[in-house]
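Presented below is the structure to which this report refers.
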Amino acid sequence: AIQCFSHIPELTQQILALSKDMDAPVLGEYSRLMRQIWSGRYEKVDTYDLLQSVKEYLPRYGKYRQQDAQEFMNYFLQVLHEEFTNQK
């Protein structure tokens with residue numbers, strides 16, 4: 001799901017344009033992850049910190065069990081939208 005989001009050009013451009021210092025835990029971690037993914041310096045990236053931030057909003061995703069990707073994407077976009085809106 002995260003890989004799919006990272007390949008939405010408009011979303012990724014908006015995320016990369018954000019300040020590194022923001023009061024938005026999920027958006028901040030997602031921004032950090034996108035910077036790593038698109039830097040070209042890493043062969044792999046760790047999503048642990050993003051998962052920790054997400055589980056504050058969505059506790060069901062804190063357990064390492066298989067979850068429905070479509071459901072996660074819907075909730076994740078909702079959280080990003082809320083935090084993004086509060087940054088403006």
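Tabulated data
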| read-out | value |
| --- | --- |
| Members of segment 33-52 found to be surrounded by 13 or more Cβ atoms within 10 Å (Cβ to Cβ) and either of a type outside the set (S, T, N, Q) or modelled with pLDDT of 90 or more (or both), listed by number | LEU33, MET34, ARG35, GLN36, ILE37, TRP38, VAL45, ASP49, LEU50, LEU51 |
| Segment 20-39: number of residues that are assigned to a helix (DSSP H, G or I) and touching a helix residue (DSSP H, G or I) at 6+ places or on another chain (Cβ under 8 Å) | 13 |
| Residues satisfying the stated conditions in segment 1-19, i.e. assigned to a helix (DSSP H, G or I) and touching a residue at least 40 places away in the same chain (Cβ under 8 Å) | ILE2, CYS4, PHE5, GLN14 |
| All positions within segment 9-32 that are more than 18 Å from GLU82 (Cβ to Cβ) and surrounded by 10 or more Cβ atoms within 10 Å (Cβ to Cβ) | THR12, GLN13, LEU16, ARG32 |
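The values are calculated or read from the model by the stated rules, or taken from the named source; none is laboratory data. Please read these numbers as outputs of a predicted model, since none were measured by experiment. Here the Cβ is made from the backbone with ideal geometry for all residues, glycine too, and neighbour counts use every protein chain on show.
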